[in-house]
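These notes are about the structure you will find just below.
Just so you know, all these numbers are worked out from the coordinates, no wet-lab data involved. Note that the structure is a prediction, hence the values are computed from the model and not measured. Methodologically, a virtual Cβ is constructed for each residue, glycine included, from the backbone with ideal geometry; neighbour enumeration extends over all protein chains shown.
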Amino acid sequence: MGKHSIHSMMSSLPTMPALLEHIGHPKQRKGLSFLDYALVLIAGCAHALSLAWPFSVGLAQGQPVWWLQLLSLAVLAWQLDRCARFKQGLWLGWLFASAWLGGIFWWLFISLHVYGGLAAPLAVLAVGGLAIFLASYYAVACAVYVSVAPGGGTRRAIVFAALWLLAELARMEFFTGFPWGEAGYAHLSGWLDDYAPWVGVHGITFMAAFLAAGLAGVSRSQRQLVLFPLVVVAIAAGPLLAGKSASTTAGSLQVTLLQGNIPQDEKFQPGTGLATALRWYGEQLQGAKTPLVVAPETSLPLLQQQLPEGYWRALQARFSTGQQAALIGVPLGSYGTGYANSVVGLKPFSAGPPQGKSAPSGGSEVREATSMGASTFAQAQAFRYDKHHLVPFGEFVPPGFRWFIDLMKIPLGDFSRGARGQPPFEWQGQRLAPNICYEDLFGEELGASFRDASVAPTVLVNFSNIAWFGNTIAIDQHLAISRMRALEFERPMLRATNTGATVIIDHRGKVTHELPRHTRGALVGEVEGRNGITPYAKWVSRYGLWPLWALGLALVVLAAALRRR
């Protein structure tokens with residue numbers, strides 16, 4: 001072969017930029033191969049792992065992995081950029097999200113099968129069905145992205161981020177909401193968490209999706225290869241330009257957090273877990289030395305009128321005088337008035353007027369006790385918080401699902417729903433705002449208490465029982481959720497749980513004290529309350545999530561209009 005022939009052959013080959021443009025062009029794909037589906041499936045599984053690394057090798061167990069989250073979502077965006085049809089984006093998005101969500105909350109199988117008595121095949125179908133159903137939000141988002149995204153790399157990344165944000169908001173708001181495992185939580189240990197006091201976890205999710213799509217676009221454009229690092233630097237520098245913290249110290253408080261480690265399959269058994277819980281928590285509440293002692297969700301797993309005679313009276317008397325108070329997770333109510341998953345606060349009357357309800361005139365002790373379903377009332381002032389965001393199937397039965405509930409053996413009930421933004425428990429200069437179980441997953445609901453800075457909480461307190469899900473990664477995932485709330489509001493979070501993680505989290509989202517998991521014990525430590533309102537708390541307390549909905553919808557509509565032109 002002569003030099004002229006070789007030169008002609010080489011000149012006919014595409015250059016590297018042209019080859020990348022050809023590979024990445026969104027209209028070049030006619031169909032999806034098995035390899036495409038496999039790659040997206042692996043990326044979805046990796047996205048689940050990024051929220052809390054479950055293994056004891058390779059990375060820090062239980063910790064989020066921000067770079068893995070970006071990489072896995074970038075793989076999905078890259079595959080979507082190569083799609084030519086609406087349906088291709090739909091199926092890829094559905095596959096990715098189903099693998100991700102199933103990998104995030106697979107531990108629901110334990111509560112349904114091990115503790116709920118549901119047959120294993122039905123439990124698998126229930127968890128898988130939930131993942132597939134919730135994945136539909138992301139499937140639609142990916143399909144719309146393929147249809148309306150403009151040609152430019154940065155503009156495509158913005159549209160991808162807007163649609164991903166809308167899918168996350170839909171999962172949070174519709175059908176009672178279950179936004180567990182949102183992408184933003186992977187960045188607790190990364191460089192985006194500094195944005196939490198400004199835009200919250202949803203804003204971090206938007207930025208993470210933008211960066212992932214921008215990373216995917218690097219393979220499609222030499223210009224993107226230059227612009228993307230500049231965008232990364234600009235985002236990283238943002239918190240440095242934002243200024244100092246929005247909160248100031250409100251003083252410190254010594255606390256004791258109780259962790260009973262009562263096995264879930266014994267918790268409601270009279271001869272085993274029930275007796276152990278009443279004895280151990282009673283002893284710890286009576287013997288606590290710190291100004292505040294906190295017992296977890298349903299630590300006393302009986303209605304007050306069902307407790308042994310004199311039990312509740314003794315607790316009331318214990319905190320009727322002196323300089324100590326208690327917050328206790330306990331169910332309240334009766335068959336006639338309805339039931340509530342609640343927290344009761346006890347403190348001496350000398351500390352101030354009754355809290356949690358308007359003070360009744362005359363006979364306040366008896367009336368307050370009666371409103372909580374107690375037959376006797378000693379000398380201590382009572383505070384009451386009722387859970388607002390109830391768990392479907394666990395605390396209320398969705399319409400049409402009674403047949404499913406009847407298949408399980410979980411003690412369920414149709415609980416009453418508490419109001420949003422209930423007043424805090426005031427004690428020794430601190431305003432402590434309870435939240436129960438996964439209520440700390442809904443930052444916009446906690447934010448309702450921050451509208452007025454003068455009465456806003458100085459400390460957040462979570463009461464949980466994760467024993468339903470065994471010794472699994474669910475504990476680490478829930479801890480990450482609490483840490484994010486601490487960052488968003490710049491408030492410390494106390495977590496009193498049955499099996500873990502019982503911790504003290506400071507206003508920077510760092511765990512300062514922790515009790516070993518699945519052990520019985522009391523965590524004693526100091527928490528520093530905080531005053532002041534973060535930018536996130538300001539706007540979310542007034543407008544909820546509507547600014548984010550408006551942002552996402554406006555960007556998508558604008559992209560569609562530009563695409564049509």
For this session: Multiply the residue separation of Ala237 and Gln61 by 0.36 nm, subtract the distance between their alpha-carbon atoms, and state the gained length in nm to one decimal.
Result: 60.5 nm
For this session: Would you mind checking which residues have amide H under 5 Å from His513's amide H? H placed 1.01 Å from N; only 5 or more apart, or other chain.
Result: Ile504
Seminar exercise, completed: The rounded separation in angstrom of the Cα centers of region 43-73 and region 127-193 is 18
Problem set entry | Cross-link reach list, aspartates and glutamates versus Lys387, counting only Cα pairs under 14 Å and skipping chain neighbours closer than eight places | Glu297, Glu395, Asp414, Glu439, Asp440, Glu445
For this session: Please give, to one decimal in nm, the separation of the simple spin-label points placed at Asp452 and Phe175, each 7 Å out from Cα toward the Cβ.
Result: 3.9
For this session: Take region 100-234, compute every pairwise Cα distance, and split them into 5 Å bins from 0; I just need the percent in each bin.
Result: 2, 10, 16, 18, 17, 14, 10, 7, 4, 2, 1, 0
Exercise. When ranked by the protection proxy of mean other Cβ atoms within 10 Å per residue, highest first, what sequence do the peptides 476-487, 501-512 form?
Worked result: 476-487, 501-512
Exercise. What does region 513-565 give for Rg and for Dmax, in Å, if only its C-alpha atoms count?
Worked result: 22.1, 66
